[in-house]
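Novice: Have a look at this one before I ask anything.
The values are calculated or read from the model by the stated rules, or taken from the named source; none is laboratory data. The shown structure was predicted, so the numbers you read here are calculated from the model rather than taken from an experiment. Here Cβ is always computed from backbone atoms with ideal geometry, including for glycine, and neighbour counts include all displayed protein chains. All accessible areas refer to the heavy atoms of the entire protein, side chains included, with ligands and DNA or RNA removed. Shrake-Rupley method; radii C 1.70, N 1.55, O 1.52, S 1.80 Å.
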Amino acid sequence: MSDCIEFIPNNSQGLPPPQLMVLLHGVGADAASMIPTARALQREFPQAALLIPEGFDDFDGGPQGRQWFSVSGVTEENRPQRVAAARERFVAWLRAAQQRLRATPAVTALVGFSQGAILALETAQAEDGLAGRVLAFGGRYAVLPDHAPRETTLHLLHGAQDTVMPTRHAREALERLALLGGDATLDIAEGVGHELHPALLDEAIHRLRTHIPHRTWQAALGAVSSAQRGGDGEH
């Protein structure tokens, strides 16, 4: 992979970061395009380490920019194969980054826009638990999932007026994940197109701060149930 912009908090004690956020840009953009989003997240989570990697390849649709996978001649049939190839490369990079920073998968969040959101969603689908959260702005699945991640919470964020990636993709994804028992949310902002709009970012921050993952609830309920059974046995 090419360059990566990094925002690493000062830590004189050398402790692992309590949060690792990896920001994935859209097709034809670059890592620098995600700096405003990184700054907004940094203000809310000052102790988080933020990484913004560049797309793997030069954008083949213009003179500048990067891409995670080619969209030249892309179809519903060939998109999954292209995404899978990019995903394998990204997973290897992400594991190395987590190891370097000593950040666990549970504290890792993937924050993707457009093509970066596709990559984030498909990574969570193929590597359940490699990231604790996914924030997918204006994205979609390459193929709707046939099972839901159990160790990753998915937050779908979309502009109601998105003509590049219509909102039906997000609605269909939420419906499928709900049927499969997944842990997912959907926020749609009216008057917003295909963009990382502040209204969507505000919703994302709200989700990060307030949404309790289903797995956390289930673990707590299991602990309560075990305690009750243990208490019953003592009488």
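Novice: With respect to residue 130, is the statement that it is among the hydrophobic types (A, V, I, L, M, F, W, C) and either within 15 Å of the chain's Cα centre (by Cα) or surrounded by 24 or more Cβ atoms within 10 Å (Cβ to Cβ) (or both) true? Even if it seems obvious, please write down each step before you answer.
Specialist: On the way: among the hydrophobic types (A, V, I, L, M, F, W, C): yes; either within 15 Å of the chain's Cα centre (by Cα) or surrounded by 24 or more Cβ atoms within 10 Å (Cβ to Cβ) (or both): yes.
Yes: the conditions hold for residue 130.
Novice: Tell me, which residue of the range 1-52 that is in a helix (DSSP H, G or I) and of a type outside the set (A, V, I, L, M) is surrounded by the fewest Cβ atoms within 10 Å (Cβ to Cβ)? Show your work before the answer.
Specialist: Residues of the range 1-52 in a helix (DSSP H, G or I): 31-44.
Now restrict to residues that are of a type outside the set (A, V, I, L, M): 33, 36-37, 39, 42-44.
Numbers: 33: 18, 36: 12, 37: 23, 39: 11, 42: 17, 43: 9, 44: 14.
Within the range 1-52, the match that is surrounded by the fewest Cβ atoms within 10 Å (Cβ to Cβ) is 43.
Novice: Moving on. Please work out which one of (1) touching a residue at least 40 places away in the same chain (Cβ under 8 Å); (2) touching a helix residue (DSSP H, G or I) at 6+ places or on another chain (Cβ under 9 Å) is the condition residue 6 fails and give its number.
Specialist: (2)
Novice: Hey, another quick one. If you check 95, 176, which single one turns out to be over 19 Å from residue 204 (Cβ atoms), surrounded by 15 or more Cβ atoms within 10 Å (Cβ to Cβ), modelled with pLDDT of 95 or more and charged (D, E, K, R)?
Specialist: 176 is the lone residue from the list that is over 19 Å from residue 204 (Cβ atoms), surrounded by 15 or more Cβ atoms within 10 Å (Cβ to Cβ), modelled with pLDDT of 95 or more and charged (D, E, K, R).
Novice: If I filter the range 58-81 down to residues being in contact (Cβ under 8 Å) with a residue 60 or more places away in the chain and within 18 Å of residue 124 (Cβ to Cβ), which single residue comes out as surrounded by the fewest Cβ atoms within 10 Å (Cβ to Cβ)?
Specialist: So the residue we want is 80.
Novice: Of all residues in the range 144-158, how many are touching a residue at least 40 places away in the same chain (Cβ under 8 Å) and either more than 23 Å from residue 209 (Cβ to Cβ) or in a loop (DSSP other than H, G, I, E, B) (or both)? Lay out the reasoning, then the answer.
Specialist: Taking the range 144-158 and keeping what is touching a residue at least 40 places away in the same chain (Cβ under 8 Å), we get 150-151, 153, 155, 157-158.
If we keep only those that are either more than 23 Å from residue 209 (Cβ to Cβ) or in a loop (DSSP other than H, G, I, E, B) (or both) too, we end up with 150-151.
Within the range 144-158, residues that are touching a residue at least 40 places away in the same chain (Cβ under 8 Å) and either more than 23 Å from residue 209 (Cβ to Cβ) or in a loop (DSSP other than H, G, I, E, B) (or both) number 2.
Novice: Scan the range 98-109 residue by residue and report those that are more than 14 Å from residue 48 (Cβ to Cβ) and open to solvent by less than 70 Å² (accessible area, probe 1.4 Å).
Specialist: The one that is more than 14 Å from residue 48 (Cβ to Cβ) and open to solvent by less than 70 Å² (accessible area, probe 1.4 Å): 105.
Novice: Could you say which residue among 138, 55, 73, 65 is in contact with a Ser or Thr (Cβ under 6 Å, 6 or more places away or on another chain) and not hydrophobic (A, V, I, L, M, F, W, C)?
Specialist: Of the residues listed, the single one that is in contact with a Ser or Thr (Cβ under 6 Å, 6 or more places away or on another chain) and not hydrophobic (A, V, I, L, M, F, W, C) is 138.
Novice: Just checking, how many residues over the range 84-113 are over 11 Å from residue 16 (Cβ atoms) and of a type in the set (D, E, K, R)?
Specialist: Number of matching residues: 4.
Novice: Take the residues of the range 133-152 that are under 22 Å from residue 47 (Cβ atoms) and touching a Pro at 6+ places or on another chain (Cβ under 9 Å): which is most open to solvent (accessible area, probe 1.4 Å)? Even if it seems obvious, please write down each step before you answer.
Specialist: Taking the range 133-152 as the starting set, the residues that turn out to be under 22 Å from residue 47 (Cβ atoms) are 133-135, 152.
If we keep only those that are touching a Pro at 6+ places or on another chain (Cβ under 9 Å) too, we end up with 133-134, 152.
On the way: 133: 36, 134: 0, 152: 3 Å².
Checking each candidate, the answer is 133.
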